[in-house]
1. Would you please name the residue that is farthest from GLN236 (Cα to Cα), looking only at residues in region 85-108 that are under 18 Å from the mean Cα position of the chain (by Cα) and small (Gly, Ala, Ser)?
2. Of all residues in region 294-307 being at pLDDT 95 or above and not aliphatic (A, V, I, L, M), which is farthest from GLN149 (Cα to Cα)?
3. Within region 59-84, take every residue that is part of a helix (DSSP H, G or I) and under 25 Å from the mean Cα position of the chain (by Cα) and give me the one that is farthest from GLY227 (Cα to Cα).
4. Restricting the search to region 192-203, which residues are under 11 Å from ARG296 (Cα atoms), assigned to a helix (DSSP H, G or I) and either in contact (Cβ under 8 Å) with a residue 40 or more places away in the chain or in contact with a Gly (Cβ under 7 Å, 6 or more places away or on another chain) (or both)?
5. Can you tell which of VAL263, VAL219 is on the phi < 0 side of the Ramachandran plot, β-branched (Val, Ile, Thr) and at pLDDT 95 or above?
6. Name the residue, out of GLY186, GLY151, that is under 17 Å from ILE116 (Cα atoms), in contact (Cβ under 8 Å) with a residue 60 or more places away in the chain and either buried (at least 24 other Cβ atoms within 10 Å of the Cβ) or out of contact with any strand residue (DSSP E or B) (no Cβ under 8 Å at 6 or more places or on another chain) (or both).
7. When you scan region 207-218, do you find a residue that is more than 19 Å from the chain's Cα centre (by Cα), part of a helix (DSSP H, G or I) and under 21 Å from HIS120 (Cβ atoms), even just one?
8. Looking only at residues that are small (Gly, Ala, Ser) and assigned to a helix (DSSP H, G or I) in region 139-171, which one is nearest to SER356 (Cα to Cα)?
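The values are calculated or read from the model by the stated rules, or taken from the named source; none is laboratory data. Just so you know, these numbers come straight off a predicted model, no measurement behind them. We place every Cβ from the backbone using ideal geometry, glycine too, and count neighbours over all the protein chains shown.
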Amino acid sequence: MLTRNAPLLLVGAGAGCVVLAALLLNWLGPSGGDWIISTDRDFANYWIASRLILSGDVLDLFRGHEVYFAQMQAVFGPDAPWRSWSYPPSYLLLMWPLGLMPYSLSLAVFLVVTLIVYLHAVSVVAGRVEANVALFLVPFICANIIYAQNGFLIGALMLYGLGLRDSRPWLAGLAIGLLTIKPQLGLLLPLLLLYERRWIVILSASMTAAALVLISSLVFGIEAWTGYITETIPYQAFVMRELGGSFLQLLLSLYGALRLEGVDAAVALPIHIGFAIVVLAAYGLSLFLAPDKDARSLCLVIASLLITPYSLSYDLGALSALAALWAWRLRRPTSSMGPQQLLFYLIAMLPLLQWSLAANLGLSVTPILLSIGLGLLLFEFRTRQSASPST
């Protein structure tokens, strides 16, 4: 399908060339490509995890942060930047080959391959992508490359799950089951699938998730899961409460916005929970008001990001694609751009806007724009429903 989407090919080719050029510069010069090919990137977590699998020390990922970080310092040196492990053992089933390659090559391969998968997932959802829609994916693509994160993979899984639920429900369920490697982003998917009576998707997703737990337990030991529950999750809760600096600039939630403004975590979290309850109610309403599955998909992704306190700029892959496509759907016959279309193009650009405004002004705009976007969608759906003749 990508052959029908030349704009996506051009955007992807450009991003791939940037990664490969950085790799070449990294090999030819002392630091020419270090802005991407650097151990000061989140990809270092995935590579170290793979190395620990291959060396037989995989349980060190789940024995506490001090044990894990000591392994990272043993490879990258005592001055290695702080990193923590936050993923369940099932994620390791996807990451284990990375350690078979040198760090810089592994990072480049990971980014390029997952970018290709992401662009294909966009084409599955969109069918045909116009040039201006493809261009609005560039902020997310750049953000994910800069942080060397798994955003391409996570965004692709969400888009496959939503885009294939009609035509290929077994594959949609497989993608949703795999999305449990980052479970906070799929909290609302069960509600959508139940409302739409997607029984095959539910069955496939449940079987996939169960298989991931079973296989990872057999491969890495049940100790990996007990360590994840007793060590990894509590430490991530500590990170959410205590970590500041650039971490807060990347957080997308109301909780993150409040923390960025200096509100204590003990106060920010209850406020966020109250807000999340309101968003959940709004999302439930959207299921009944949305005119089609594309509208329900967009509402789901927006509401999911508003409800979870822990999502970051590189988790915006599915939202960037769906928001840009919705803005294109709102285009006018004239060349002028309406305010709602402009809003959703801004939402598509959130990977750039969130970081730049948070870093320079100390302002998190994501919960503001997403709340306005969800509210406008509900108003539009209700207005359209009221205007339609009763049957």
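1. Only one residue tops the list, namely SER90.
2. Only one residue fits best here, namely ARG296.
3. Ranking the qualifying residues of region 59-84, first place goes to MET72.
4. LEU192, TYR195
5. Values: VAL263 fails: at pLDDT 95 or above.
Exactly one of VAL263, VAL219 is on the phi < 0 side of the Ramachandran plot, β-branched (Val, Ile, Thr) and at pLDDT 95 or above, namely VAL219.
6. GLY151
7. For region 207-218, residues more than 19 Å from the chain's Cα centre (by Cα), part of a helix (DSSP H, G or I) and under 21 Å from HIS120 (Cβ atoms): present.
8. So, considering only residues that are small (Gly, Ala, Ser) and assigned to a helix (DSSP H, G or I), the one nearest to SER356 (Cα to Cα) is ALA143.
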